[in-house]
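Q: For reference, the structure I am asking about is given below.
Throughout, read-outs are computed from the coordinates displayed, never taken from laboratory work. None of these values were measured; they are calculated from a predicted model. Reconstructed Cβ throughout: ideal geometry from the backbone, glycine too, with neighbour counts over all protein chains shown.
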Amino acid sequence: MRSAEKKIEVGVRIPGEAAEYRIACGSGLLDSIGEVIRSATGDVRRVAVISNRKVFGLYGERVELSLKQAGVSVSSFMIGDGERFKTLKTAEKILAILNSEGIKRSDAVVALGGGVIGDAAGFAASLHLRGVALIQLPTTLLAMIDSSVGGKTGVNSSFGKNLIGTFHQPTAVIADVDVLATLDPRELSAGLFEAIKHGAISGERLLRTTEKMIDARGHDPKFIEASTRETFAKGIAEHVKFKASIVKGDAREAVGDVGNRSRKILNFGHTLAHALELATNYRYLKHGEAVGHGVIFAAELSKRLELLPPDSINFLNDVVHRVGGLPAVNKIDFEAVLSALSNDKKSRGGSIEWVLLEGIGRPEIVSDKTFPVGLLRSSLKAYLESTR
């Protein structure tokens with residue numbers, strides 16, 4: 001058990017909504033979760049912790065102890081591990097648990113895990129009694145910098161990823177970088193691919209911050225050194241600040257907003273990513289790996305449309321490849337990927353709105369109706385085949 005090091009806090013306030021919360025990033029935060037939750041939720045007396053067996057086996061006892069020491073009654077429940085469990089069936093299971101345990105409007109749901117746990121538990125929390133407090137305790141890098149922040153919740157279905165969901169802002173987010181030491185290397189890489197996505201649309205400063213995280217991971221993959229933990233705590237905080245700045249201006253992803261500060265720009269790399277995940281039934285790629293492919297493809301598409309200069313795409317590709325190899329996608333059925341693209345939630349008016357780049361930090365939302373005939377099909381086919 002490591003004593004708490006310096007904590008970095010980021011505030012999130014959503015104009016026009018009764019939503020204001022703080023995100024704590026640092027080392028040694030797990031043992032103070034009870035105090036943080038009591039402070040954020042006021043007189044909460046009871047929480048339901050939703051996790052999976054692997055994560056709960058690592059951190060569940062500490063979380064429960066901290067909550068009980070803060071005078072909070074705790075009940076913990078497990079769901080399946082992996083994207084294929086992020087379903088309506090799982091959400092219904094969580095809702096049944098919340099009902100049977102008597103979770104009231106004054107109580108809270110604690111999501112202890114990665115993006116699947118956060119999304120599914122958050123979705124259930126938004127529906128139970130028309131909304132109860134949600135505390136996010138992300139245990140993956142991807143969840144820390146992205147899915148735990150911003151209020152999007154949801155589940156997957158046979159017709160697409162995250163097409164069923166709600167907006168439900170958390171009451172607090174606690175990101176303890178110590179937990180990254182136990183992440184599977186592939187899972188940590190997945191988070192770094194998502195971080196690259198943020199850097200690509202934010203600008204070189206955040207991309208350089210991400211490079212520091214990549215380098216620190218390479219030197220100290222087990223997060224033994226305090227300097228590594230500090231690098232990640234600072235990096236996560238910078239990524240959260242960027243996402244919070246976008247969410248603040250477009251909390252619910254306004255349909256008609258196609259500006260470069262629209263929340264839609266956070267979907268950079270996700271159009272192809274979601275199609276790849278759906279085409280493989282969420283069993284082949286980690287979400288962040290799919291985003292890694294999506295980032296490279298979106299950059300290539302930007303180049304083919306003469307939006308992105310060669311030096312920018314070379315820089316972006318170099319950063320992606322420094323994280324590590326991406327699983328090949330050449331054997332994924334091409335037509336299945338095309339079909340999945342047509343069901344993407346980013347489509348509007350019969351076209352898909354792609355987030356492309358005019359340069360690092362210069363995202364542009366482009367309708368595929370403006371593409372030359374056959375460009376998307378030929379580009380996609382060439383990209384998939386190139387990953388052998």
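Q: Just one of [x] 59, 52, 43; [y] 62, 43, 40; [z] 57, 55, 52 is Cα extents along the principal axes in Å as worked out from the coordinates here. Which one is it?
A: Structure-derived value, by its label: [y].
Q: Could you compute the net charge surrounding G154? Neighbours are other residues with a C-beta less than 9 Å from the C-beta of G154; K and R count +1, D and E count -1.
A: Taking every Cβ under 9 Å from that of G154, the sum is +2.
Q: With θ taken as phi - 60° and the coefficients 6.51, -1.76 and 1.60, list the Karplus ³J(HN,Hα) couplings across the range 100-106 in order, rounded to whole Hz; mark glycine and proline as x.
A: With the stated coefficients, the range 100-106 comes to 5, 8, x, 5, 9, 4, 8 Hz.
Q: Using a basic spin-label model with each label point 7 Å from the Cα along Cα→Cβ, how many nm lie between L338 and T370?
A: Computed distance between label sites L338 and T370 equals 2.4 nm.
Q: Continuing with the same structure: At what distance in angstrom do the alpha carbon centres of the range 144-167 and the range 278-311 lie from each other?
A: If you average the Cα positions of each part, the centres end up 19 Å apart.
Q: Now a separate question. Using alpha carbons only, how many degrees (0 to 90, rounded to 10) separate the axis of helix 115-127 from the longest principal axis of the chain?
A: That helix lies at roughly 60 degrees to the long axis.
Q: Another question, then. Just the number, please: percent antiparallel of the DSSP beta bridges in the chain, rounded to the nearest 5.
A: 45
Q: Roughly speaking, what is the stretch gain from D215 to N281, that is 0.36 nm per residue apart minus the C-alpha to C-alpha distance, in nm to one decimal?
A: 20.5 nm
Q: Quick one: what are the phi-derived ³J(HN,Hα) couplings along the range 226-237, Karplus 6.51/-1.76/1.60 with θ = phi - 60°, whole Hz, x for glycine and proline?
A: Along the range 226-237, the couplings run 4, 5, 5, 5, 5, 4, 6, 4, 5, x, 4, 4 Hz.
Q: I need the phi-derived Karplus couplings for the range 38-53: 6.51 cos²θ - 1.76 cosθ + 1.60, θ = phi - 60°, integer Hz, Gly and Pro marked x.
A: 5, 5, 7, 10, x, 9, 4, 10, 9, 9, 10, 8, 10, 8, 10, 4
Q: For the peptides 127-139, 143-155, 317-329, what is the packing order when you average, over each peptide's residues, the other Cβ atoms within 10 Å and list the highest mean first?
A: Ranked by mean Cβ neighbours within 10 Å, highest first: 143-155, 127-139, 317-329.
Q: Got the relative contact order for the chain handy, in percent, Cα pairs under 8 Å and 6 or more residues apart?
A: Relative CO of the chain lands at 15 percent.
Q: Further, regarding this structure: Excluding L206 itself, what net charge comes from residues whose Cβ is under 14 Å from its Cβ, given Lys and Arg +1 and Asp and Glu -1?
A: Net local charge, L206 excluded: +3.
Q: Still on this structure: Summing Lys, Arg as +1 and Asp, Glu as -1, what charge do residues with Cβ under 11 Å from the Cβ of R252 carry, R252 excluded?
A: Once positives and negatives cancel, what remains is -2.
Q: Under a 5 Å amide H to amide H cut-off, with H placed in plane at 1.01 Å, what residues pair with G203 once short-range neighbours are removed?
A: Residues meeting the criterion, in which the H sits 1.01 Å from N, are G361.
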